[in-house]
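Presented below is the structure to which this report refers.
The values are calculated or read from the model by the stated rules, or taken from the named source; none is laboratory data. Being a predicted model, the structure only gives us computed values, none of them experimental. Virtual Cβ from ideal backbone geometry, glycine too; neighbours counted across all protein chains shown. What goes into the accessible areas is simple: the full protein's heavy atoms, side chains included, and nothing from ligands, DNA or RNA. Shrake-Rupley method; radii C 1.70, N 1.55, O 1.52, S 1.80 Å.
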Amino acid sequence: LLAVNSTFLAVSWQGVGGCVGVFDANTPNRISSEIPLIRGHDSYVSDVKFSPFRTNLLATGSDDTTIKLWEIPQEGLKEDLTNELQKFTGHSRKVSNVEFNPVCNDIIASAAFDNTVQVWNMVKSEAFCKISFGTPTSLEWNYNGSLVGATTKEKMCYIIDPRANKITITTKAHESPKIQKMCFIDENHFITCGFNKNSMREIKLFDMRKAAEGALEEAVGKIDVDRQSGIMSPFYDDGLKLLYVPGRGEGNIHYY
């Protein structure tokens with residue numbers, strides 16, 4: 001797991017439970033075995049994300065059920081960092097995803113294996129939205145920061161309005177219980193990647209305007225990809241209008 005911005009690269013440090021390495025993203029070099037690390041979690045760090053507003057603000061989610069914010073020195077880590085800037089403790093099982101709001105610098109969302117998505121006010125250090133459903137497999141904000149999308153192991157995709165503290169749209173995106181992922185592509189559409197019941201990998205396009213009483217019955221577009229087993233993750237480039245879909249463990253990337 002890694003996160004990168006124009007200044008730093010952060011990676012969950014394998015073999016050392018609860019640690020994160022932070023490096024200069026603009027100076028490639030060989031990493032020595034003795035380097036300073038963020039040492040603040042009691043168990044594996046499951047997700048790392050940089051703030052879109054502050055290049056030195058890093059969020060980490062962990063199997064120890066906590067989410068922590070870290071202020072990285074502008075010159076990088078010169079010694080172990082053990083004191084977090086902020087800590088959130090509202091989940092009861094391991095955290096799987098953390099995501100900063102793309103337009104509001106004081107909002108962060110998290111998903112965990114306690115089957116909840118929570119949205120936090122960083123100023124007040126409290127959750128103002130808590131939604132319970134299945135076990136989340138992906139978590140994404142839309143581009144204006146008004147909605148959160150999540151997929152679950154129970155084959156469902158949910159669109160959440162955090163300000164109303166409710167689920168606004170649900171759909172059964174893919175038939176297979178294998179992990180599925182999603183991303184928004186504009187204010188009206190989102191993409192899901194998953195498998196059908198015959199293990200064919202597929203990509204679906206949904207139009208949220210077609211939801212009836214909060215339910216989306218059908219996708220407006222579908223692509224059958226192949227029968228490989230790698231879990232696909234969608235990434236949309238709004239500037240180029242291209243969708244990039246890498247598969248886990250594969251050496252190529254599909255783009256549409």
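None of K155, K124 is modelled with pLDDT under 95, open to solvent by 30 Å² or more (accessible area, probe 1.4 Å), over 23 Å from T66 (Cα atoms) and of a type outside the set (S, T, Y) except K155. All of K94, K87, K78, K49 fail the test of being basic (K, R), in contact (Cβ under 8 Å) with a residue 12 or more places away in the chain and touching a Pro at 6+ places or on another chain (Cβ under 7 Å), apart from K78. Cβ-Cβ contacts under 8 Å between residues 6 or more apart (or on different chains), taken from a first residue in segment 58-74 that is basic (K, R) to a second residue that is assigned to a strand (DSSP E or B), are listed as K68/A59; K68/T60; K68/S62; K68/Q86; K68/K87; K68/F88.
A count restricted to segment 240-256 and to residues that are open to solvent by less than 70 Å² (accessible area, probe 1.4 Å) and of a type in the set (G, A, S) stands at 1.
Is it the case that F8 is surrounded by 19 or more Cβ atoms within 10 Å (Cβ to Cβ), touching a strand residue (DSSP E or B) at 6+ places or on another chain (Cβ under 8 Å), closer than 24 Å to A150 by Cα and of a type outside the set (A, V, I, L, M)? So F8 does not fit the description; no. Elements of the type strands (runs of 3 or more DSSP E) sitting completely within segment 1-83 and holding at least 3 residues that are over 18 Å from the mean Cα position of the chain (by Cα) and not acidic (D, E): these cover 19-24. Elements of the type strands (runs of 3 or more DSSP E) sitting completely within segment 158-205 and holding at least 2 residues that are of a type outside the set (V, I, T) and buried (at least 22 other Cβ atoms within 10 Å of the Cβ): these cover 181-184, 189-195. Can you find a residue that is of a type in the set (D, E), closer than 17 Å to T137 by Cβ and over 19 Å from the mean Cα position of the chain (by Cα) anywhere in segment 210-232? Checked segment 210-232: no residue is of a type in the set (D, E), closer than 17 Å to T137 by Cβ and over 19 Å from the mean Cα position of the chain (by Cα). Looking only at segment 70-90, decide whether some residue is open to solvent by 50 Å² or more (accessible area, probe 1.4 Å) and among the small types (G, A, S). Within segment 70-90 (the criterion being open to solvent by 50 Å² or more (accessible area, probe 1.4 Å) and among the small types (G, A, S)), the answer is no, since none of the residues qualifies. Among the residues of segment 117-145, those that are over 14 Å from the mean Cα position of the chain (by Cα) and not in a loop (DSSP other than H, G, I, E, B) comprise W120, N121, E126, A127, F128, C129, K130, I131, S132. Looking only at residues of segment 206-239 that are in a strand (DSSP E or B) and among the hydrophobic types (A, V, I, L, M, F, W, C), we find that the one that is surrounded by the fewest Cβ atoms within 10 Å (Cβ to Cβ) is A212.
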